[in-house]
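A.B. asks: Quick one: this structure, given as structure tokens, is what I'll be asking you about.
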Amino acid sequence: MNLYELKILADEIRELILNTVSKTGGHLAPSLGTVELTLALYSVFDLSIDKVVWDVGHQSYAHKILTGRRDKFHTLRQRGGISGFPRRIESRFDQFGVGHASTSISAALGILTAEEIQGGFGKVIAVIGDGALTGGESFEALNHAGQLKKKLIVVLNDNKMSIAKNVGALSEYLSEIRLAPQYRRVKKEFEELMRNLPIPDIGDKILRAAQSVRYGVKSAIVPDTIFEALGFVYLGPIDGHDINAMKDIFSRVSVIDEPVLIHVYTTKGKGYEPAETSPEKFHGVGKFNVSTGEVIKKVAPPTYTEIFSKAIVDCAKFNDKIVAVTAAMPSGTGLKNFALKFPRRFFDVGIAEEHAVTFAAGMAANGLRPVVAIYSTFIQRAYDQILHDVCLQNLPVTFCLDRAGLVGEDGATHHGVFDIAFLRTIPNINILVPKDENELRQMFFAAVEKNLPVAIRYPRGSGYGVKVFEVTENLDWGKAEYILQSARADVAIFAVGTMVQPAVEAAKLLSAKNFSVNVINARFVKPLDVETLRREAESVGLLVTCEEGALNGGFGAAVAEFLADENISVPLLRFGIADKFVEHGTRAELLEQCGLTAENFYKKIFQRLENLN
């Protein structure tokens with residue numbers, strides 16, 4: 001296509017993204033910002049041999065549309081439809097599955113290395129956003145790529161970094177010099193000549209002196225970049241909405257036989273004024289009205305995030321040792337209000353979960369009470385730091401894990417179903433799971449007073465609308481709570497978190513069949529209330545566990561281990577998420593798919609009781 005046609009196509013793609021995401025929800029602003037960048041890339045590189053790796057996938061909607069999925073794009077993030085992120089099983093053009101940030105450079109370097117070892121000749125391009133570049137893995141990969149000197153191409157999509165101030169004629173001129181074949185050739189010949197001088201060491205000394213002069217002169221004109229220090233040829237910044245300029249740069253980088261980083265700057269939400277004005281609001285958005293930009297919200301009780309947001313602010317008013325840490329998610333985790341009220345006690349470390357946890361551990365070691373608020377799926381990235389830096393030293397860090405359980409349309413990369421399983425094995429950790437929004441508040445107040453590592457996991461979305469008590473109640477640490485109790489029960493259901501309510505509903509259905517059921521809100525996965533568990537196990541005919549998390553290593557596994565260790569023989573039925581990754585769909589659809597409903601609890605428990613009798 002010529003430039004005129006490409007601009008028309010950009011408008012058509014942007015319109016399709018906008019109209020689709022307004023109905024399905026999704027990552028709107030990032031994908032609107034990369035339409036021209038994607039067109040420029042795919043106009044120059046040959047996707048039959050060249051490979052493009054997208055970081056996170058927030059920016060990949062234009063990529064999906066251009067690689068054979070235009071007609072399916074209306075199914076975006078719907079059950080059975082296309083994913084919101086690149087997935088290898090979805091398209092041969094999705095070179096690497098993503099969903100968590102900062103992986104593209106590492107993956108692209110691995111793909112390029114495999115290409116070379118196997119005799120391939122295709123180019124490999126990693127596209128990474130400035131936000132993802134705050135993740136440590138990005139710099140580990142840049143460092144390694146610079147060391148290997150492979151012809152990796154990294155495109156940095158910058159929509160807010162201060163480095164974009166270097167835009168102007170000078171930076172474009174320097175890019176032109178770096179791209180000129182004669183510059184690369186003379187530079188290489190000069191280096192070879194110096195190293196081959198007959199006088200020992202003199203060549204290396206001249207080279208070092210020349211480099212010092214070069215860096216000194218250039219630094220006097222424009223600050224050197226960290227990318228060049230890491231071994232990359234740096235080109236840019238370039239206007240990421242100027243297709244012609246980007247095509248020119250992309251078509252000429254093949255002359256460079258070293259790692260190259262091309263810096264483009266874009267506008268998040270480009271072409272849709274509400275998203276350009278409020279890119280954070282439209283980063284990941286639900287259904288919205290295209291004409292007004294208003295998000296379509298159902299009238300619902302406060303979300304768990306909102307309950308946590310108020311709880312930490314209320315608690316911090318009376319406890320000046322409380323500090324809050326998040327990893328690039330101040331709004332998503334509910335810490336924005338805390339940041340406004342206590343700016344000196346709030347820390348957003350960027351996409352750097354490992355650092356967030358050890359940073360919090362350092363503050364805890366010196367007398368503060370850090371609260372680390374990170375989505376369940378992302379805390380997986382800091383497992384070693386939780387184990388080694390927090391729990392091994394038994395430091396009082398409170399982890400507030402939002403989006404625990406099935407999160408819905410974002411799918412397998414974002415479901416927070418593994419936290420119980422991987423945290424439960426760590427000594428000293430306490431794991432709490434509230435049954436409703438009031439219990440979340442009470443758990444939070446109790447946790448920050450404990451001189452222990454504590455993790456509180458809670459789901460995405462609204463609570464039940466129960467009354468939330470402002471005054472702190474006494475939470476009996478490590479003790480379960482009876483919701484339904486009878487003198488002689490046939491069944492005891494131990495449930496945690498979101499599964500308590502459906503367990504109660506299942507118990508009522510069973511009572512209509514003349515079965516008496518005790519329902520226990522376990523609350524504490526660790527420490528387990530073994531006293532209550534033993535009492536119920538020794539008195540009922542069937543023990544049941546319910547959790548919105550992985551069965552392998554989860555709450556039910558903890559109960560099974562206790563029964564085995566104590567040689568208590570009682571039939572055990574466990575409900576949870578099987579040993580497989582759960583795809584995208586609405587939360588209600590996924591709960592049904594995983595059998596985590598009152599109706600399924602009732603049917604399976606009734607069937608087991610019938611078999612036992």
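A.B. asks: Would you mind working out the magnitude of the charge dipole of region 481-612 relative to its Cα centre, with +1 at each Lys and Arg C-beta and -1 at each Asp and Glu C-beta, to the nearest 20 Debye? Numbers along the way, then the final one.
C.D. replies: Details: 13 positive and 18 negative charges, 55 e Å.
For region 481-612, the charge dipole is close to 260 debye.
A.B. asks: Still on this structure: Within a 10 angstrom radius of the beta carbon, how do K149, K51, K298, K72 rank from fewest other beta carbons to most?
C.D. replies: K298, K149, K72, K51
A.B. asks: Over what distance in Å are the Cα centres of region 453-486 and region 382-440 separated?
C.D. replies: After rounding, the separation between the Cα centres reads 16 Å.
A.B. asks: A further question follows. Which of K287/K604; K341/K467; K72/K508; K270/K336; K287/K317 have a Cα-Cα distance over 32 Å?
C.D. replies: On the way: K287/K604 36 Å; K341/K467 25 Å; K72/K508 43 Å; K270/K336 25 Å; K287/K317 36 Å.
Too far apart for the 32 Å limit: K287/K604; K72/K508; K287/K317.
A.B. asks: Using the number of other C-beta atoms within 10 angstrom as an exposure proxy, rank Y304, Y234 with the fewest first. Could you put the intermediate results ahead of the total?
C.D. replies: On the way: Y304 26, Y234 22.
Going from sparsest to densest Cβ surroundings: Y234, Y304.
A.B. asks: Cα convex hull of the chain: how many Å³ per residue?
C.D. replies: It is 195 Å³ per residue.
A.B. asks: Among Q485, P571, F524, flag the residue with its Cα farthest along the positive direction of the charge dipole of region 481-612, charges on Cβ as +1 for Lys/Arg and -1 for Asp/Glu.
C.D. replies: Highest projection toward the positive end goes to Q485.
A.B. asks: Between V466 and D248, 0.36 nm times their residue separation minus their Cα-Cα distance comes to what?
C.D. replies: Extra length from V466 to D248 when fully extended: 72.5 nm.
A.B. asks: Can you give me the distance in nm between label points at K604 and T425, each placed 7 Å from the Cα along the Cα-to-Cβ direction?
C.D. replies: Here the modelled spin labels are 2.4 nm apart.
A.B. asks: What full-extension length gain, to one decimal in nm, is calculated for I89 and S569 as 0.36 nm per residue of separation minus the Cα-Cα distance? Numbers along the way, then the final one.
C.D. replies: Details: separation 480, 0.36 × 480 = 172.80 nm, distance 4.41 nm.
Gain on stretching I89 to S569: 168.4 nm.
A.B. asks: When the Cα centres of region 287-337 and region 86-121 are compared, how far apart do they sit, in Å?
C.D. replies: Spelled out, the Cα-based centre of one part sits 35 Å from the other.
A.B. asks: For region 503-591, run through the GluC sites (Glu not before Pro) and keep only the ones in DSSP coil with at most 13 other Cβ atoms within 10 Å of their Cβ.
C.D. replies: On the way: sites: E505, E531, E536, E538, E547, E548, E561, E566, E583, E589; in loops: E538, E566, E583.
Listed in order of number, the matching sites are E538, E566.
A.B. asks: If neighbour count is taken as other Cβ atoms inside 10 Å, put C546, C315 in order from fewest to most.
C.D. replies: The order, fewest Cβ neighbours first, is C315, C546.
A.B. asks: Find which of F308, L510, I456 sits farthest along the positive direction of the dipole of the chain, computed with +1 on the beta-carbon of Lys and Arg, -1 on that of Asp and Glu, about the Cα centre.
C.D. replies: Result: F308.
A.B. asks: Here is a follow-up. If you place +1 on the Cβ of every Lys and Arg, -1 on the Cβ of every Asp and Glu, and leave all else neutral, what size is the dipole of the chain about its Cα centre, to the nearest 20 Debye?
C.D. replies: 400
A.B. asks: Could I ask something else about it? What length, rounded to one decimal in nm, is gained on full extension from E473 through to R79, with 0.36 nm per residue of separation minus their alpha-carbon distance?
C.D. replies: That pair, E473 and R79, stretches by 137.7 nm at full extension.
Bear in mind these aren't lab numbers, they're just calculated from the coordinates by the rules spelled out. All values derive from a computational prediction rather than experimental measurement. No Cβ is skipped: glycine too gets one built from the backbone with ideal geometry, and neighbour counts run over all protein chains shown.
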